[in-house]
1. Residue by residue through segment 44-49, what is 3J(HN,Hα) from phi via Karplus (6.51 cos²θ - 1.76 cosθ + 1.60, θ = phi - 60°)? Round to whole Hz and write x for glycine and proline.
2. When Ser10, Ser74, Ser110, Ser62 are ordered from fewest to most other Cβ atoms inside 10 Å of their Cβ, what list results?
3. Working from Cα positions, state the angle (0 to 90°, nearest 10) between the long axis of helix 110-126 and the longest principal axis of the chain.
4. Which of the trypsin sites (Lys or Arg not before Pro) across segment 1-93 are loop residues per DSSP, with 14 or fewer other Cβ within 10 Å?
5. What is the set of long-range amide H partners of Phe26 at a cut-off below 5 Å, with H atoms built 1.01 Å from backbone N?
6. When a/c is below 1.5 the answer is rounded, else prolate if a/b is larger than b/c, else oblate, so apply that to segment 69-138 with a ≥ b ≥ c taken from the square roots of the Cα gyration tensor eigenvalues.
7. Can you give me the distance in nm between label points at Ala116 and Lys2, each placed 7 Å from the Cα along the Cα-to-Cβ direction?
8. For segment 96-138, which trypsin sites (Lys or Arg not before Pro) are both in a DSSP coil and crowded by at most 14 other Cβ atoms within 10 Å?
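Bear in mind that the values in this text are calculations on the coordinates, not laboratory data. Only a predicted model underlies this, so the values are computations on that prediction, with no experimental measurement involved. Cβ placement follows ideal geometry from the backbone for every residue including glycine, while neighbour counts extend to all protein chains displayed.
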Amino acid sequence: MKLRLVRENSTDETTLGNLYMDGIWFCRTLEDCDRRLESGGVKVYGKTAIPLGTYPVTIDWSTRFAKQMLHVLSVPQFEGIRIHAGNTHFETHGCILLGEDVDQDTLVRSRVAVNALQHEVAQALDRAEAVNLTVERE
């Protein structure tokens, strides 16, 4: 399964984008500020989106959230990057939030989008498919 996150724009606090699954639009995304780490930008702890690149995704146990969650692996300068529910940049801490839509800089129906993606990823992993997330800019 190929997941593709395309970042649209970034403010000093928030980066909005779209997530595609195998080439088909799936949902909206919200991340921290894109500080362009892949080209020498400086990471601000808890306030920086992950660098552009392609990363494996799995589902495993999150001790922080105490449940099985989507986990983005092998992200340079980051640990514990999850794809999870949330509405604003205050809830990202480097992670990727999903929602069915955006109202200004706030995601809506986030849990619905996360549950749907986790279901699809779980099915792909059950089929022994590799799941990868590519993060890019528009």
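1. Result, ordered by residue: 10, 3, x, 9, 9, 6 Hz.
2. Lowest to highest Cβ neighbour count: Ser74, Ser62, Ser10, Ser110.
3. The helix 110-126 is inclined about 50 degrees to the chain.
4. Arg64
5. Long-range HN contacts for Phe26: Leu19, Tyr20, Met21.
6. It comes out oblate by the Cα gyration axes.
7. 2.1 nm
8. Arg127
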